[in-house]
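What follows is one structure encoded as structure tokens, with my remarks underneath.
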Amino acid sequence: MIEDLLRETIGMDVSSVGKGKIDADIGACMRRLGIVSRDGYEKLLRNSPDELARLIETVTIPETWFFRVRGSFDALAQRLRELRDCGRAVRILSVPCSTGEEAYSIVITLFECGYSEGGFRVDAVDVSGVCIEKALSARYTANSFRGVGEHLQRAYFRREGKCFYLDERISRQVNFNRR
């Protein structure tokens, strides 16, 4: 089954996004290719890494924004201050990192807690190459700032028209990888 292939490849639990959405996405990919049989499409997926990557891009949901679930970042800040006071090294992994907002929010939190460049390591991983490319561009729209105060926008972003560009001192602190 294609659902099993998604679980084997990217660890996706189809029930987490809904079987209806996955079925619709699979159907759209099959129509794009003119394939009418799910068995035929599954065979193609198992033999074509490029087509499997296209399906993965279709079924993943890159919904995120800066400081999403604010309480998590407050708890992170508290723990970071404790580690800083003990002189402990900090390494953080952001998975899935989607389009980068969470990973960059972690770096901003580190800076806000008094850490300096090079005083920590943040790695970020996602299954979507498209999301990783967007994260690496470090360019966002207002939708990525739901619930974020203007002080953070002014401190860490440069606005040009409708786009917000993340300060390079933040963006260069994250090591993005596609799994």
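Summary table
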{"read-out": "Gained length - E82 relative to K19, 0.36 nm times residue gap less alpha-carbon distance", "value": "18.4 nm"}
{"read-out": "At 1.567 mPa s and 4 °C, Stokes D of the chain from Kirkwood alpha-carbon radius, µm² per second", "value": "72 µm²/s"}
{"read-out": "Label point distance in nm, N47-R121, each placed 7 Å from Cα along Cα→Cβ", "value": "4.2 nm"}
{"read-out": "Apportionment of accessible area to carbon and sulfur, the chain, percent (1.4 Å)", "value": "50 percent"}
{"read-out": "Residues whose placed amide H lies under 5 Å from that of R121, excluding near-sequence neighbours", "value": "V90, R91, I92"}
{"read-out": "Dipole magnitude (debye, nearest 20) for segment 116-179, charges at Cβ of Lys, Arg, Asp, Glu", "value": "120 debye"}
{"read-out": "Cα gyration tensor, segment 93-154 - rounded (a/c under 1.5), prolate or oblate", "value": "oblate"}
{"read-out": "Built amide H within the under 5 Å cut-off of F157, gap 5+", "value": "D167"}
{"read-out": "Lys, Arg +1 and Asp, Glu -1 on Cβ, resulting dipole of segment 58-169 about Cα centre, debye, nearest 20", "value": "140 debye"}
{"read-out": "Total charge dipole magnitude, segment 28-96, about the Cα centre, Cβ charges on Lys, Arg, Asp, Glu only, Debye to nearest 20", "value": "140 debye"}
{"read-out": "Of S171, G100, L55, farthest towards positive along the dipole that unit charges on Lys, Arg, Asp, Glu beta carbons give the chain", "value": "S171"}
{"read-out": "For segment 23-83, accessible area per residue (1.4 Å probe, heavy atoms of protein chains only), Å²", "value": "58 Å²"}
{"read-out": "Residue-by-residue Karplus 3J(HN,Hα) for segment 168-176, coefficients 6.51, -1.76, 1.60, Hz, glycine and proline x", "value": "4, 5, 8, 4, 6, 8, 10, 9, 8"}
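The values are calculated or read from the model by the stated rules, or taken from the named source; none is laboratory data. Since the model is a prediction, treat every value here as computed from it, not as a measurement. In this analysis, Cβ positions are derived from the backbone assuming ideal geometry, glycine residues included, and neighbour counts consider all displayed protein chains. These area figures cover heavy atoms from the full protein model, side chains too; ligands, DNA and RNA do not enter into them. Shrake-Rupley method; radii C 1.70, N 1.55, O 1.52, S 1.80 Å.
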